[in-house]
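Have a look at the structure below before the remarks.
The values are calculated or read from the model by the stated rules, or taken from the named source; none is laboratory data. On a predicted model such as this, the values are computed, not experimentally measured, just so you know. Here the Cβ is made from the backbone with ideal geometry for all residues, glycine too, and neighbour counts use every protein chain on show.
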Amino acid sequence: MQPMASMALRAARSAAQHIMHGFDRPHLIKASEKAHNDPVTNLDRDSEKIIIEELSALYPDHGFIGEEETSEISNPDAEYQWIIDPIDGTYNFMRNIPHFCISIGCMKNGRLEHGVIVDPVRNEEFVASRGGGAQLNNKRMRVSPMEELDGGAIITSLAGTNHDQAMIDAHQKLIGSLIGAGVRPRTTGSAALDLAWVAAGRVDGFCERTINLWDMAAGLLMVTEAGGMIGDYQGGANPMKTGEVVAGNPKVFRLLTQKIKAAGF
């Protein structure tokens, strides 16, 4: 494991240990809303603080962007930028649904170099470095071998529609088309963990609109390092610019992209 990925994993473990003290203990969780239906808890903020403190002590010249306290990039001219989601799946966490994670990505001059996603409930650690492949608990990950949509598992949700009726209609059309093709759609509530599962071959594809950088950064690198493909709803190759993510093994990615285009996005 490359040193920077190892340090990110260590920071994620520290944060994971802290937030798990609050999981299943509602009296320890203090929640508020950043925006309508966009919750944040004291443990989100604690987790982000732990990660930034550990990494900034090691890399004082690096920049940081986090979901909660540092949504504006600190030190924007730094060669390296760390992108942090301290709890991806906050609503699940608040409701005692055991599906959430800590996600840390690292960019060098705007290009993803390292990604770490830790699922503290299942004790699973997903790690990827550019050119070094992707691993789950130190075992190599590969995307699924599925070659068609029929029988495939695709994760998607209405989360990115922003209550836009045209987008809701397009998404419903997409879901109907996928079901008609034999897909088994899934929705989980944690985009970062969803992308890690694509990389691990547990699901065959993923698509969602309006995803924040911290939700996707680590997972995008994992998918590509595990042999998959990523793009956006318009056929572009850089989801970090558009906030739209399509991911999957190469065959499913192409088929899913065709379905998205036909749905009218």
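For region 160-185, the tally of residues that are buried (at least 17 other Cβ atoms within 10 Å of the Cβ), in a helix (DSSP H, G or I) and without any contact (Cβ under 8 Å) to a residue 60 or more places away in the chain stands at 2. Of the residues making up region 125-159, those that are buried (at least 18 other Cβ atoms within 10 Å of the Cβ) and of a type in the set (Gly, Ala, Ser) are ALA128, SER129, ALA134, SER144, GLY152, ALA153, SER157.
Can you tell me how many residues within region 141-159 are free of Cβ contacts under 8 Å to residues at least 60 places away in the same chain and under 19 Å from ALA192 (Cα atoms)? Total meeting the criteria: 6. Considering only residues of region 198-238 that are crowded, with 21+ Cβ neighbours inside 10 Å and without any contact (Cβ under 8 Å) to a residue 24 or more places away in the chain, which is nearest to LEU174 (Cα to Cα)? Per the stated criteria, the residue is ASP232. All of (1) assigned by TED's automatic domain parsing to the domain that holds LEU221; (2) surrounded by fewer than 16 Cβ atoms within 10 Å (Cβ to Cβ) hold for ARG122 with one exception: (1). Checked against the criterion of being in contact with a Leu (Cβ under 7 Å, 6 or more places away or on another chain), within 26 Å of VAL116 (Cα to Cα) and of a type outside the set (Phe, Trp, Tyr), the candidates LEU213, LEU221 yield just one match: LEU221.
Could you tell me whether ARG209 is at pLDDT below 95 and over 18 Å from ILE104 (Cα atoms)? So ARG209 fits the description; yes.
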